[in-house]
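The values are calculated or read from the model by the stated rules, or taken from the named source; none is laboratory data. Owing to the predicted nature of the structure, the values given are computational and were not obtained by experimental measurement. Don't worry about glycine lacking a Cβ; one is built from the backbone with ideal geometry, like all the others, and counts go over all protein chains shown. Just so you know, the surface numbers come from the protein's heavy atoms only, side chains and all, with ligands and any DNA or RNA stripped out. Shrake-Rupley method; radii C 1.70, N 1.55, O 1.52, S 1.80 Å.
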Amino acid sequence: MDSAKWKAAEEVFSRAVELPVELRRSAVEEMCGEDASLREDVLALLEEDLRDQPLLDSGIDQTAGNLLQFGPLPSLVRRQIGPYRLLKLLGEGGMGVVYLAERTDIGGLVAIKLLRDAWLSPMRRERFRVEQLALAQLNHPSIARIYDSNALRDGTPWFVMEYADGLPLTEHWKQHGGSIREGLQLFRRVCEAVRYAHDHAIIHRDLKPSNILVVKEGAVKLLDFGIAKRLNAEEPEANRTVTGLRMMTPAYAAPEQIANGPVGVYTDVYALGVLLYELLTGSLPERQGSAGENVERPSSVAPRQNPAARRQLTRAEWSDLDALTLKALEPEIERRYRSVGALLRDLDALETGRPLDAQPVRFSYIVGRFLRRHRRSIAAASAMILLLAIMAIYYTVRLTRARDAALREAARTQRIQEFTENLFYGGDKDAGPAVDLRAVDLLDRGRQEAASLSADPEMKADMEETLGGIYEKLGKLDLAEPLLVSTLEQRRKMSPGSSPKAAEDLLALSLLRKDEGKLDDAEALARQGLEMDERTLPPGDPRVARAMLALGSVLEVRGKYDQAGQVLARANDPQFQNAEAPTEKADILVELANVDFYQGHYDLSAALNNQALAIDRRMLGEQNPAIGQIYNNLGAIELNRGNYPSSEAYYRRALAITEAWYGTRHPETAANLTALAQPLTWENQYAEAQQLVEQALAIEKLVNGPVSSTVATTINQLGLLAYYRNQYASARQYFTQALDIWEKVYGDQHQFIAIGYSNLGSVCMAEKNYPCAEKNYREAVRRLDLASPDGLNDAIGHLKLGRALLKQGRCADAEPNTLAAYRYLVQHVNPANSYLANARKDLAAIYDALHQPQTAAHYRSELDSAGKP
């Protein structure tokens, strides 16, 4: 058997062997389709498995090992993997093994999943990676969270997830039982978790009792996203190797899965219907009739298992529950609930006695539900008969409106699916997505699709807000701006007054204005958003803290560090702490750390970064990008302290995390490469630094094109590298190129333009061309005075201008610039800061030249007391 054939047989066998013996043959026939040779191979393996000494006694992994002359999978119990010690085997399947583990450094139990025999099949590695990515996007109390991921030395991938100590759904129900209403509440919790996954565009595709554990106090945990699928995303080619093969459990699979058809959120709805039927009746649904279309009603099956079940609900409630369950089990997608939200609405209606969408619209049905809900009031007085008629009419109208709203929501869900589909197929589903389809292509298609949503302004606003935010993160500010402006205008039309949604849009536009360098507008918009949130939201709402975080970040860029610190300190107040999202506190701590960093308070900044690091490590594990960002911050602190080896170590840790998470060709990876080049430059490791920056530039040009802010920043870093190597002509060329790009992206007044002119001035200073330096420094200061007056960057700009004037002997002109810089620095940075030391040194020289020896002596005394740089 060749490797491709073995891979196909392995996948089919691993699913079939988990089924009852009597169901295996039919499942194999369904999965193998017309491939008779594959079918016979798998059936032979299954037959061998049933012998007294089965070939596959230890599972498919050992079979593969035996056939290929590899030894059996060894036990990993007591083995240390990173900071985790494996304690016992929790379970194993055709693809992975799961161990209970203890974190040895900070304590706590987790589950670690390792891919079995990763070398056998690329498809297995891809499925394993898909499960990691799916869990990384989901943060819900009923979905097991992912904490960490990495690989063993032999390349075996693993990831760490939340440990759920519980029983499979149906086993829990058999052992603990309860009323039907309690069972429906348990089922509701499962539905809410699935709906959350759908809201994040992830379809589970393998919902079954063993993947849904019930833990303490009835909480549920949804597990095993190994064959999850992004909504409308194309399936990897490896997963389509076998005709008709879908990696699911046939007993819970929807007809479209078994037929190898397209799947959607409605596919998980079918599996939920099977689970509900099994909870109610204790058995799986069986289709009857010549066409196999009819399923026996739960109200008929349940009493045979539990005679008391019939008495727990009224006849009308049983009728509604039958209709709800059978609608979820409809073989035809068009007749099934189209979303979990629609199923949950009928569960609510069942609980409160309202009419169900699953029931046909009949006047007697509507009135009957109304009578049952209000029977006590109606029995109290015969005069209520007239009111009953009025209320029946009113309720009919309400039902019609509710149904219309439900239809609109269903249409909205369908439109979202179509929107996502068009991103990948570009309007031609038969053609399929291009092999080289890039993220920017998807975004451009999304922008065009969003423009066509005028009939649904709420959805249009949501889509444009999301797309605008992504464009902003990619540095495509010209494309982000019209989307975010349009979103805000639409929100204001839909809600003329204040609303949390409008506040979110104000804050999003504020952050865009910050990136554009329009800092007055950015601050005004952030203050509006914060004021709106404080007025419309209850005290202590975490969204108020997020608004303060946005405003604090704008004030930080403006150099208003005192104000930024005050706003961020308010955001850090315990009243805003969100127990369900402690990483939000970490975000605030990081921003506070940035304020201290730019003021030269490196010890305080390091302490705050380490506090945030402890939170993020606990909640996110060691390999999350948020951890990498904090390592970057710590690397910058050590760089400014002059501890270059320590800075290099932090930057390398950050780069390792970013590459593992995003890959080697991602903008975040490029940013980390550029950051690492900085300490290497100071350590005179120019060759490696040059290689890293050029690698970063290639990534950024590939992702964002040649004209983007990130490309300009990296070219500027190449200029700095050339400057430190005394290659002034090359440095000038790089700085000029970066300046040209920044002007195209931001216009003429952005602070990055000031940085470009300042760097050109430094080249002139190094060449002792002081008039040239003065000219460039004046261009920088003019922009800094507007963008961040009374800020650190502005002070440094004036300090450099003062030195250029001093070098020309124009001490009277130099004095106000250098003195202004000194007055800011002495209040906001550490006494030993190098910029402050240079200001004192220059002032001493200036006042010597101005024949003010006592003043000059004063600054020399301060310089000696603080320690010369």
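What to note about this one:
- Range of Cα positions in segment 588-716 per principal axis (Å), largest first: 37, 32, 23
- Normalised contact order of segment 492-557, rounded percent, pairs of Cα under 8 Å and 6 or more residues apart: 35
- Spacing of the two label points (7 Å from each Cα toward its C-beta) at TYR724 and GLN312, in nm: 7.0
- Per-selection Rg to Rh, segment 799-850 - Cα, Kirkwood hydrodynamic radius: 0.96
- Fully extended contour minus Cα-Cα distance, from SER861 to ASN643, at 0.36 nm per residue: 75.8 nm
- Here the 3J(HN,Hα) profile of segment 502-510, calculated from phi with Karplus coefficients 6.51, -1.76 and 1.60 at θ = phi - 60°, is 4, 5, 4, 5, 4, 5, 4, 5, 4 Hz, Gly and Pro shown as x.
- Segment 723-816: relative contact order as a whole-number percent, Cα under 8 Å and 6+ apart: 22
- Between ARG823 and VAL707, the C-beta separation translates, for a Förster distance of 56 Å, into a calculated FRET efficiency of about 0.90.
- Segment 676-722: translational diffusion in µm²/s, Stokes-Einstein, Kirkwood Rh over Cα pairs, 4 °C, 1.567 mPa s: 122
- Solvent accessible area, Å² - TYR822, 1.4 Å probe, full protein context: 20
- At R0 = 25 Å, FRET efficiency that the Cβ-Cβ distance of ARG665 and ALA766 yields, to 0.05: 0.10
- For segment 250-329, GluC sites (Glu not before Pro) meeting the loop criterion (DSSP other than H, G, I, E, B) and having at most 12 other Cβ atoms within 10 Å: GLU286, GLU293.
- Taking 22 Å as the limit for the C-alpha separation, the pairs LYS514/LYS744; LYS113/LYS221; LYS701/LYS775; LYS514/LYS560; LYS493/LYS744; LYS88/LYS113 exceed it in the case of LYS701/LYS775; LYS493/LYS744.
- For segment 636-771, the solvent-accessible area works out to 43 Å² per residue, with a probe of 1.4 Å and every protein chain left in place.
- With 0.36 nm allotted per residue and the present C-alpha distance subtracted, the ASP848-LEU284 stretch has 193.5 nm of extension available.
- More than 16 angstrom apart: percent of Cα pairs within segment 625-671: 33
- Projected label distance in nm at LEU89 and ASP748, using a 7 Å step from Cα toward the beta-carbon: 7.3
- Residue-wise HN-Hα coupling along segment 28-42, computed from phi with Karplus coefficients 6.51, -1.76, 1.60 (Hz; x: Gly, Pro): 5, 4, 5, 6, 8, x, 8, 7, 5, 5, 5, 4, 5, 4, 5
- Sequence-separation-based contact order of segment 505-629, relative, with Cα cut under 8 Å and 6+ spacing, percent: 17
- Cα-based shape type of segment 725-793, given that a ≥ b ≥ c are square roots of the gyration tensor eigenvalues and the cut on a/c is 1.5: oblate
- Normalised Debye scattering of segment 770-869 at q = 0.12, 0.16 Å⁻¹ gives log10 I(q)/I(0) of -0.35, -0.62, counting only Cα atoms as equal scatterers and leaving out solvent.
- To the nearest 10, the accessible area of ARG310 is 130 Å² with a 1.4 Å probe.
- Under 5 Å between amide hydrogens, built in the peptide plane, is the criterion, and for ILE202 it picks out LEU231 among residues at least 5 positions away or on other chains.
- Here the extension length gained between ARG652 and LEU152 equals 178.0 nm, from 0.36 nm per residue of separation less the Cα-Cα distance.
- Amide H partners (placed H, <5 Å) of TYR147, local residues excluded: VAL160, MET161, GLU162
- Residues whose placed amide H lies under 5 Å from that of ASN294, excluding near-sequence neighbours: GLN288
- With the largest listed first and rounded to whole Å, the semi-axes of the equivalent ellipsoid of segment 517-599 from the Cα gyration tensor are 20, 16, 9.
- Between ASN830 and GLU688, the FRET efficiency estimated from the beta carbon spacing at R0 = 41 angstrom works out to 0.85.
- In order through segment 545-555: 3J(HN,Hα) via Karplus (6.51 cos²θ - 1.76 cosθ + 1.60), integer Hz, x for Gly, Pro: 5, 5, 5, 5, 4, 4, 4, x, 5, 5, 4
- Ordered from largest to smallest accessible area (heavy atoms of protein chains, 1.4 Å probe), the residues LYS775, LYS88 come out as LYS775, LYS88.
- Built from the Cα atoms of segment 707-831, the convex hull projects on average onto 7.6 nm², one quarter of its surface area.
- Solvent exposure of segment 143-233 amounts to 41 Å² per residue of accessible area, where only protein heavy atoms count and the probe is 1.4 Å.
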